[in-house]
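J.: Once you've had a glance at the structure underneath, I'll fire off some questions.
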Amino acid sequence: MKYVKLGRTDLKVPEICLGTMTWGNQNTEKDGHAQMDYALDQGVNFFDTAEMYAIPPSPETSGKTEAIIGTWFKARGNRDKVILASKICGRHPLITWTRDADSGTEVNRAQIKEAIEKSLKRLQTDYIDIYQIHWPDRPLALFGGTLGEPPKDVEINEIGDQLRAFQELVDEGKIRHLGLSNETAWGVMKFVTLAEAAGLPRVVSIQNAYNLVNRTFEQDLAETCMNEEVAGLPYSPLGQGYLSGKYRDGALPKGSRKERDNRLQRYEGVNSQEAINAYVDLAKVHGLDPSQMALQFCISRPFNTSTIIGASTMEQLKTDIGSADITLSEEVLNGIAAIHKRYPNPCP
């Protein structure tokens, strides 16, 4: 496993990060512990979670993933062996079950304080290496949706105020670094410039969707992150499983996320199936596993530091981690470029 310096930090992370959002819903505590054992044995010592996991979000499953990681830390006694990332919810008026006041989530000082204390308790640790804002506090088109005209009556929390609240957590030793997720190039630059001007925590990473059928990150965020040394941590590198080919021609594997939750419409738009099939076929022509080809493509991009994988079975996990060991030939990369030119970003 190759390790890469994360932004301007002193952290060296593996090219693959273990995502955890199915633990507590699609996967049991036993499954989660087995995945962490295997990943760590393979050199994957970077785990990513969030206060709202497991997914799909609900009052019943909220916080369960962090709790599973916490029981693993307690049982193994190896917190010092893992680089841990978690997230605080951004603004959402309908996610009311994570806060004691039963209010919608937002990124203000009081909620930041409450969120970190609850996460640390569930995780059974006294610090988080990278604490990320799961999505922005301001109104924004997210997860493939469209915003339309921004609402005029929403009083957002200023980025400077957010940074000052996170500074308190750094000073208390509860977080080491600050990261972003589902952010824009404008947002990254605002966080960076305000932090530098005021001597506040400078964001070290950004976690956005990126895969063969959604390369919108390349349009402006890649330039921003490379020049500002903000590490890319792409999530959904398999397009929620579509790029593995398992949903091809309407297939619906038993126990899959689509069969369980039917929430994958982001990958079912115009030209999406044609593009996905083309990538799967390209992999097979060259004797590659489609999942490993898709993952290695993400790993090999210069603006990505660690690619976040997620697996519901040990077989999937082994395949995904194995993608770090393959190399994409010039012929494969040319084939990917040709498909992208024909079907540019069908699943933004």
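J.: Of all residues in the range 209-225 being in a helix (DSSP H, G or I) and among the charged types (D, E, K, R), which is surrounded by the most Cβ atoms within 10 Å (Cβ to Cβ)? Working first, answer last.
T.: Of the range 209-225, the ones in a helix (DSSP H, G or I) are 216-219, 221-225.
Next, from what is left, pick out any that are among the charged types (D, E, K, R): 218, 223.
Working: 218: 14, 223: 12.
For the range 209-225, the residue satisfying everything is 218.
Yes/no matrix, rows are residues, columns are (1) more than 17 Å from residue 331 (Cα to Cα); (2) under 17 Å from the mean Cα position of the chain (by Cα); (3) not aromatic (Phe, Trp, Tyr):
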position	(1), (2), (3)
256	yes, no, yes
266	yes, yes, yes
269	yes, no, yes
275	yes, no, yes
284	no, no, yes
287	no, no, yes
290	no, no, yes
303	yes, yes, no
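J.: Does residue 311 satisfy the condition of being more than 22 Å from residue 83 (Cβ to Cβ), touching a residue at least 12 places away in the same chain (Cβ under 8 Å) and buried (at least 21 other Cβ atoms within 10 Å of the Cβ)? Talk me through it step by step, then tell me what you get.
T.: Details: more than 22 Å from residue 83 (Cβ to Cβ): no; touching a residue at least 12 places away in the same chain (Cβ under 8 Å): yes; buried (at least 21 other Cβ atoms within 10 Å of the Cβ): yes.
Judged against the criteria, residue 311 is not a match.
J.: If you don't mind, there's one more thing I want to ask. May I ask you to list the residues in the range 221-251 that are small (Gly, Ala, Ser) and under 23 Å from residue 18 (Cβ atoms)?
T.: First, pick out the residues of the range 221-251 that are small (Gly, Ala, Ser): 222, 231-232, 236, 239, 241, 244-245, 250-251.
231, 232, 236, 239, 241, 244, 245 - these are the residues of the range 221-251 that are small (Gly, Ala, Ser) and under 23 Å from residue 18 (Cβ atoms).
J.: Do we find that residue 258 is part of a helix (DSSP H, G or I) and more than 25 Å from residue 140 (Cα to Cα) in this structure? Talk me through it step by step, then tell me what you get.
T.: Details: part of a helix (DSSP H, G or I): yes; more than 25 Å from residue 140 (Cα to Cα): yes.
For residue 258, the condition - part of a helix (DSSP H, G or I) and more than 25 Å from residue 140 (Cα to Cα) - is met.
J.: Also, quick follow-up: Does residue 270 meet the test of being assigned to a loop (DSSP other than H, G, I, E, B) and β-branched (Val, Ile, Thr)? Outline the logic, then answer.
T.: Values: assigned to a loop (DSSP other than H, G, I, E, B): yes; β-branched (Val, Ile, Thr): yes.
When the stated conditions are applied, residue 270 passes them.
J.: Sticking with this one: Sort through 5, 87, 64 and tell me the only one that's of a type outside the set (S, T, N, Q) and surrounded by fewer than 15 Cβ atoms within 10 Å (Cβ to Cβ). First the steps, then the outcome.
T.: Values: 87 fails: surrounded by fewer than 15 Cβ atoms within 10 Å (Cβ to Cβ); 64 fails: surrounded by fewer than 15 Cβ atoms within 10 Å (Cβ to Cβ).
Within the list 5, 87, 64, the selection yields 5.
J.: Spot the failing condition for residue 284; the list is (1) free of Cβ contacts under 8 Å to residues at least 12 places away in the same chain; (2) not in a helix (DSSP H, G or I), and only one is missed.
T.: Failed condition: (2).
J.: Also: Among 38, 3, which is aromatic (Phe, Trp, Tyr) and closer than 30 Å to residue 227 by Cβ?
T.: Details: 38 fails: closer than 30 Å to residue 227 by Cβ.
Criteria check complete, one pass: 3.
Rundown of residues vs (1) closer than 23 Å to residue 66 by Cα; (2) surrounded by 12 or more Cβ atoms within 10 Å (Cβ to Cβ); (3) at pLDDT 95 or above; (4) more than 18 Å from the chain's Cα centre (by Cα), yes/no style:
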position: 130; (1), (2), (3), (4): yes, yes, yes, no
position: 133; (1), (2), (3), (4): yes, yes, yes, no
position: 140; (1), (2), (3), (4): no, yes, no, no
position: 164; (1), (2), (3), (4): no, yes, yes, yes
position: 174; (1), (2), (3), (4): yes, yes, yes, yes
position: 177; (1), (2), (3), (4): yes, yes, yes, no
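J.: If you don't mind, there's one more thing I want to ask. Working only within the range 226-275, note down all residues that are surrounded by fewer than 19 Cβ atoms within 10 Å (Cβ to Cβ) and among the basic types (Lys, Arg).
T.: Those that are surrounded by fewer than 19 Cβ atoms within 10 Å (Cβ to Cβ) and among the basic types (Lys, Arg): 246, 248, 254, 260, 263.
J.: Out of 80, 102, I need the residue that is more than 30 Å from residue 346 (Cα to Cα) and modelled with pLDDT under 95. Which one?
T.: Values: 80 fails: modelled with pLDDT under 95.
Criteria check complete, one pass: 102.
J.: Further, regarding this structure: Mind checking which residues of the range 300-342 are part of a helix (DSSP H, G or I), within 28 Å of residue 45 (Cα to Cα) and either touching a strand residue (DSSP E or B) at 6+ places or on another chain (Cβ under 7 Å) or of a type outside the set (A, V, I, L, M) (or both)? Show your work before the answer.
T.: As a first pass, look at the range 300-342 and keep what is part of a helix (DSSP H, G or I): 300, 314-325, 330-342.
Then drop every residue that is not within 28 Å of residue 45 (Cα to Cα), which leaves 300, 314-325.
Once the filter is applied, which keeps residues that are part of a helix (DSSP H, G or I), within 28 Å of residue 45 (Cα to Cα) and either touching a strand residue (DSSP E or B) at 6+ places or on another chain (Cβ under 7 Å) or of a type outside the set (A, V, I, L, M) (or both), the range 300-342 yields 300, 315, 316, 318, 319, 320, 321, 322, 323, 324, 325.
J.: Ok, one more. Just to be sure I understand the filter: pairs with C-beta atoms under 8 Å, separated by 6 or more residues or on different chains, first member in the range 158-187 and in a strand (DSSP E or B), second member acidic (Asp, Glu). Which pairs pass?
T.: Hits for this filter: 175/129; 176/129; 177/129.
J.: Can you tell me which residues in the range 104-134 are of a type in the set (D, E, K, R), in contact (Cβ under 8 Å) with a residue 60 or more places away in the chain and not in a helix (DSSP H, G or I)?
T.: Within the range 104-134, 129 is the sole residue that qualifies.
J.: Hey, any hits in the range 233-241 for a residue that's in contact with an Asp or Glu (Cβ under 9 Å, 6 or more places away or on another chain) and without any contact (Cβ under 8 Å) to a residue 24 or more places away in the chain? It would help to see each step written out before you state the result.
T.: Initial filter on the range 233-241 (in contact with an Asp or Glu (Cβ under 9 Å, 6 or more places away or on another chain)): 233, 235, 237-238.
The next check asks that each one be without any contact (Cβ under 8 Å) to a residue 24 or more places away in the chain; those that pass are none.
The answer is no; no qualifying residue exists.
The values are calculated or read from the model by the stated rules, or taken from the named source; none is laboratory data. Model, not experiment: these values are computed from the prediction. Ideal geometry is used to build each Cβ from the backbone, glycine not excepted, and the neighbour counts take in all protein chains shown.
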